[in-house]
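Read the structure below first, then the notes.
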Amino acid sequence: MKKKWTPPAVKQVPDLMEVYEAMYAAFGPQHWWPGETPFEVIIGAILTQNTAWTNVEKAIANLKKAGVLSPDAMRKLAEKELAALIRPAGYFNIKARRIGAFLDYLFGPHGGDLDALFAVGLKRLRHELLEVKGIGPETADSILLYAANLPSFVVDAYTKRIFSRHGCFGDDATYHEVQDYFVKRLPMGVALYNDYHALIVKTGKDYCRPSRPDCERCPLINFF
DNA sequence: TGCCAGGCCGGGT
DNA sequence: ACCCGGCATGGC
């Protein structure tokens, strides 16, 4: 029986804007997403599924070097060629298929035009993205927020881990339940959602890994 | 060295 | 409706 780490008791319900201020004070603005174009953001969102960003960077560099980091160029690639280029990101066969599925969607209803895609609007675009095989809720929300600049709050493993460890919701909370927790307690806004998620990831990477959490130095420790 | 990383899908109970 | 294995590379 492995010894389990138990979270500290909840002291109070946190004011999520104060939580934001604390993370911001500790780390400053994060300037996400680390990608130069909306298409690069979308590809990065698929490539980073359950994968370290450093590995995604290598794959993105390969795509840039090959001159295929655009919808038209990437669509001309065979799936095998694409898989070879994105190999460093891991799961390369499945991710090549997922990128292909997104491109089929982009060039189907929307003629390959990202601006036309984004003009569809938040609610309908989110629904359509979730229909694409390989795009789940986090990837969809990342595309909406960081590529389309639409106010869709992104939930990831760090978001669940940090806030469930502090008893804000159960560790079995669904994606939608966690998202709702934040949306209900924060003013809606692209800039705030953008930096909030990025700061959660930064906080999680530094202080809330699954093993060896470092709660003593975490800037959020006093809020719960 | 084993564990982990900015998930998601499909098949089995 | 859950539960779980599979997917895969690179860094610490």
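The values are calculated or read from the model by the stated rules, or taken from the named source; none is laboratory data. Since we're looking at a predicted model, the values are computed, not measured. With ideal geometry, Cβ positions are generated from the backbone for all residues, glycine too; neighbour counts draw on all protein chains shown.
Points worth noting:
- Within segment A:43-53, restricting attention to residues that are buried (at least 18 other Cβ atoms within 10 Å of the Cβ) and either under 10 Å from the mean Cα position of the chain (by Cα) or at positive phi (or both), the residue that is farthest from DNA strand B (Cβ to nearest atom) is A:ILE46.
- Residue within segment A:163-178 that is of a type in the set (Ser, Thr, Tyr), touching a Lys or Arg at 6+ places or on another chain (Cβ under 9 Å) and near DNA strand B (Cβ under 9 Å from one of its atoms) present: yes
- The residue that is surrounded by the most Cβ atoms within 10 Å (Cβ to Cβ), counting only those in segment A:24-42 that are more than 21 Å from A:ALA84 (Cβ to Cβ) and aliphatic (A, V, I, L, M), is A:VAL41.
- Screening the candidates A:LYS133, A:LYS184 for the property of being surrounded by fewer than 20 Cβ atoms within 10 Å (Cβ to Cβ) and either assigned by TED's automatic domain parsing to the domain that holds A:MET74 or not in a helix (DSSP H, G or I) (or both) yields one hit, A:LYS133.
- Residue in segment A:71-80 that is over 17 Å from the mean Cα position of the chain (by Cα), within 16 Å of DNA strand C (Cβ to nearest atom) and not in a loop (DSSP other than H, G, I, E, B) present: yes
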